[in-house]
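Structure, as structure tokens:
Derivation of every value follows stated rules applied to the coordinates shown; laboratory data play no part. Because the structure is predicted, anything quoted here is derived from the model rather than measured.
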């Protein structure tokens with residue numbers, strides 16, 4: 001091996017990385033995703049069903065639930081990918 005060559009580091013094992021489920025259920029990630037879902041979901045519900053809500057007409061419960069669920073999933077996915085990327089960089093640093 002030449003004197004200026006760096007030795008190759010062994011590839012990190014997948015077991016050193018936390019599982020997707022454990023990351024997605026971390027207290028901080030759940031809390032932030034819930035806050036995002038509450039704010040964005042409320043705005044989207046008023047955009048999508050505001051006329052029904054103001055008039056007091058019946059609204060679709062499953063649409064309301066999905067409107068909160070989608071921003072929660074997006075926020076959780078963003079946190080998950082950021083966490084996995086940081087673990088990846090830390091493992092290869």
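Prolate is the label for segment 18-92, because a/c, from the alpha-carbon gyration tensor with a ≥ b ≥ c as root eigenvalues, is 1.5 or above and a/b exceeds b/c. Look at the alpha carbon pairs under 8 Å that are at least 6 residues apart: their mean separation over the length of segment 18-92 gives a relative contact order of 44 percent.
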